[in-house]
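This report concerns only the one structure given below.
The values are calculated or read from the model by the stated rules, or taken from the named source; none is laboratory data. All figures in this text were calculated on a predicted structure; none of them were measured in a lab. Please note: Cβ atoms are built from the backbone with ideal geometry, for glycine as well, and neighbour counts cover all protein chains shown.
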């Protein structure tokens, strides 16, 4: 099949320039790239369609066609012009998406793709407009939804005008509603994502979360080229660095590798160590913090929000006298992270993700793919990932329960490591994700997708105002 991924905001290139280093170049780009590669490896023609930028500050995104090394035959990055030559943040793309779609269709001419998969709200809008003009069907993968962000940021009737000016919620949520209502299928990573996020009142009438024929739960995968038990070229150098950092502290260890965000609850693991003498005697604690080597001395180099989270962690460590049992790592790449996971797996260690809520939980399955036993929050995706008992689930609001789970996992490391590794291989690879998508797309290609249905004006402003006023 010939399949397009619609990502107007996603700036892809062969060198993965700026990937995950900019708010618009986040995890959904990794998702799309890995999924597209897996489909291409299975023999399908795949195009990632994104916006062309002719800007000297962003030279990587200037050519109309680009390709990934090793995928030259059937995977392309197709860049379509709209909105002028310079870089635009995703919030400023809305006025230019109609032009994006018309220029994309002109590029394909008489040989349009058979099906589209749309990612994020702007990709969904482009897919709905493409269907309106051509009858090409599409799946919609929201990744994150505007209604949850609106709530998370504390939007209220008093600050709505300010929030709208910054985040364009009225357009984003209207585009999501349009995408949900017109997609052949909505793809979510977990059943909880379907039942909780898409059931938000702002999506009422656009989709029924109880309608099984409207959704497909297809979990994302692990990059098995990187996250594997097999050692890579960087392992020797990483092991040397780790041994120097540990400075005689022996294993096993509890390893935490999450961004410094309060909701990730790294503090919960630190409190578990502070409160459990048995845990302190059983293991050391290793915390990965990207960007600094010595948090006690370099904390001022971090942004304010991260600094606030780290201050609580460091204060708890000092109050409990834990400095001798804690080490910090500055991991700079996925390759180095995978080597780090392998090193600690060989020491019978445990990976911990104790977020208050985790929509999916890719980090623990990456750790499991490298041989670590896993302890994860019971709130969100990990409850589905480890439903077979291949990982230990804990209450992230209860430091005593976190300690209980960590001790249990340390005691059963070999068994959990083996079970989790088999679980990842069976369910959580990008090839499995691609197979899930291709099954849905195969059905979608055979279906009839009406065209010519009017595209409404993207404005959910009144809906949002009523929601904030009345709940």
Can you give me the number of residues within segment 111-150 that are over 19 Å from residue 452 (Cα atoms) and assigned to a loop (DSSP other than H, G, I, E, B)? 5
Condition first: more than 26 Å from residue 430 (Cβ to Cβ) and in contact (Cβ under 8 Å) with a residue 40 or more places away in the chain. Can you find one or more residues in segment 178-196 that meet it? yes
Note: among 247, 212, 235, just one is more than 19 Å from the chain's Cα centre (by Cα) and free of Cβ contacts under 8 Å to residues at least 60 places away in the same chain, namely 212
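Here is a yes/no grid of residues against (1) under 24 Å from residue 188 (Cβ atoms); (2) surrounded by fewer than 16 Cβ atoms within 10 Å (Cβ to Cβ); (3) free of Cβ contacts under 8 Å to residues at least 40 places away in the same chain:
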| site | (1), (2), (3) |
| --- | --- |
| 104 | no, no, no |
| 116 | yes, no, no |
| 124 | yes, no, no |
| 135 | no, yes, no |
| 148 | yes, yes, no |
| 152 | yes, yes, yes |
Just one of 281, 298 is closer than 17 Å to residue 328 by Cα and out of contact with any strand residue (DSSP E or B) (no Cβ under 9 Å at 6 or more places or on another chain); which is it? 298
List pairs: first residue in segment 155-166 and assigned by TED's automatic domain parsing to the domain that holds residue 90, second residue loosely packed, with under 11 Cβ neighbours inside 10 Å and assigned to a helix (DSSP H, G or I) anywhere in the structure, Cβ distance under 7 angstrom, at least six positions apart or on different chains. 157/469
Condition set exposed (fewer than 15 other Cβ atoms within 10 Å of the Cβ), more than 16 Å from residue 394 (Cβ to Cβ) and at pLDDT below 95, scope segment 252-278, selection nearest to the chain's Cα centre (by Cα): answer is 259
Confirm whether residue 3 is surrounded by 18 or more Cβ atoms within 10 Å (Cβ to Cβ) and either more than 22 Å from residue 144 (Cα to Cα) or out of contact with any strand residue (DSSP E or B) (no Cβ under 7 Å at 6 or more places or on another chain) (or both). yes
Can we say residue 393 is touching a helix residue (DSSP H, G or I) at 6+ places or on another chain (Cβ under 8 Å) and assigned by TED's automatic domain parsing to the domain that holds residue 115? no
Answer yes if at least one residue in segment 185-208 is closer than 25 Å to residue 438 by Cβ, surrounded by fewer than 17 Cβ atoms within 10 Å (Cβ to Cβ) and modelled with pLDDT of 95 or more, and no otherwise. no
Within segment 379-389, tally of residues that are assigned to a loop (DSSP other than H, G, I, E, B) and within 23 Å of residue 253 (Cα to Cα): 2
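Return yes or no: is residue 285 buried (at least 22 other Cβ atoms within 10 Å of the Cβ), closer than 25 Å to residue 411 by Cβ, modelled with pLDDT of 95 or more and assigned by TED's automatic domain parsing to the domain that holds residue 371?
Taking the combined requirement at face value, the residue satisfies it.
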Working carefully through the options 333, 312, find the one that is touching a helix residue (DSSP H, G or I) at 6+ places or on another chain (Cβ under 9 Å) and assigned by TED's automatic domain parsing to the domain that holds residue 368. 312
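With the requirement that a residue be in contact (Cβ under 8 Å) with a residue 40 or more places away in the chain, surrounded by fewer than 16 Cβ atoms within 10 Å (Cβ to Cβ) and within 18 Å of residue 256 (Cα to Cα), what does segment 288-306 give you? Can you show your working first?
Narrowing segment 288-306 to residues in contact (Cβ under 8 Å) with a residue 40 or more places away in the chain: 288-290, 302, 305-306.
Still in the list and also surrounded by fewer than 16 Cβ atoms within 10 Å (Cβ to Cβ): 290, 305.
Result: 290, single match.
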